[in-house]
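Right, one structure below, let's go through it.
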Amino acid sequence: MKERSKPFMLSFTNDKPIYAQIVDLVELRIVTGVYQPQSKLPSVRDLAMEMGVNPNTMQRALATLETEGFVKSERTSGRFVTDDAALISEKRESLTREKTQDFVQSMRHYGCNDAEIVATVQHFLND
């Protein structure tokens, strides 16, 4: 079995601020279970090193995640993933809708009709 050393690595793009891209990555790690509910997150410094960013950038991302409710701070213990299953589920649904919409738009760009799009998805589901 092939092991992933860094789940969901980030390749920064120029279309949005780096801290916002980090927020997206951490949310993705939460909704996919890489970071389990109530689990302790690595330190700001460790996360910054992993992602190759300044600790201030990482701090800003974590503050945003805290504001959104995905992360909570415990003063002397660090930061923890939320235990709010509804919030995690809503985010997962939002991400899947967004990716599905992107896929359908791409397929239509290639000239596929709805039946062809459904057939393509069914083909991959049956593999």
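Rundown of residues vs (1) part of a helix (DSSP H, G or I); (2) surrounded by fewer than 19 Cβ atoms within 10 Å (Cβ to Cβ), yes/no style:
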{"site": "Asp24", "(1), (2)": "yes, yes"}
{"site": "Gly33", "(1), (2)": "no, yes"}
{"site": "Gln38", "(1), (2)": "no, yes"}
{"site": "Leu47", "(1), (2)": "yes, no"}
{"site": "Glu50", "(1), (2)": "yes, yes"}
{"site": "Met58", "(1), (2)": "yes, no"}
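If you go through the range 8-18 one residue at a time, do you hit one that is farther than 24 Å from Phe124 by Cβ, among the small types (Gly, Ala, Ser), out of contact with any Lys or Arg (no Cβ under 8 Å at 6 or more places or on another chain) and at pLDDT 95 or above? Spell out the reasoning first.
Of all residues in the range 8-18, those farther than 24 Å from Phe124 by Cβ come to 10-18.
Right, trim to among the small types (Gly, Ala, Ser) and you get 11.
Remaining after also requiring out of contact with any Lys or Arg (no Cβ under 8 Å at 6 or more places or on another chain): 11.
Still in the running and at pLDDT 95 or above: none.
No; the residues of the range 8-18 include none that is farther than 24 Å from Phe124 by Cβ, among the small types (Gly, Ala, Ser), out of contact with any Lys or Arg (no Cβ under 8 Å at 6 or more places or on another chain) and at pLDDT 95 or above.
Give me the residue from the range 91-126 that is assigned to a helix (DSSP H, G or I) and of a type in the set (Ser, Thr, Tyr) and, out of that set, farthest from Arg29 (Cα to Cα).
Thr120
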- Does Val23 count as in contact (Cβ under 8 Å) with a residue 40 or more places away in the chain, β-branched (Val, Ile, Thr) and touching a Ser or Thr at 6+ places or on another chain (Cβ under 7 Å)? yes
- Task: Starting from the range 79-102, keep only residues that are open to solvent by less than 80 Å² (accessible area, probe 1.4 Å), then list their pairs with residues that are among the small types (Gly, Ala, Ser) and outside any helix (DSSP H, G or I) whose Cβ atoms are within a distance under 7 Å, requiring at least 6 positions of separation or different chains.
- Result: Arg79/Ser73; Phe80/Ser39; Val81/Ser39; Thr82/Gly69; Asp84/Gly69; Leu87/Gly69
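The values are calculated or read from the model by the stated rules, or taken from the named source; none is laboratory data. Computed from a predicted model, the values in this text were never measured in an experiment. Because the Cβ atoms are built from the backbone with ideal geometry, glycine has one as well, and the counts that use them run over all protein chains shown. Side chains are part of the model used for accessible areas, which takes the heavy atoms of the whole protein and leaves out ligands, DNA and RNA. Shrake-Rupley method; radii C 1.70, N 1.55, O 1.52, S 1.80 Å.
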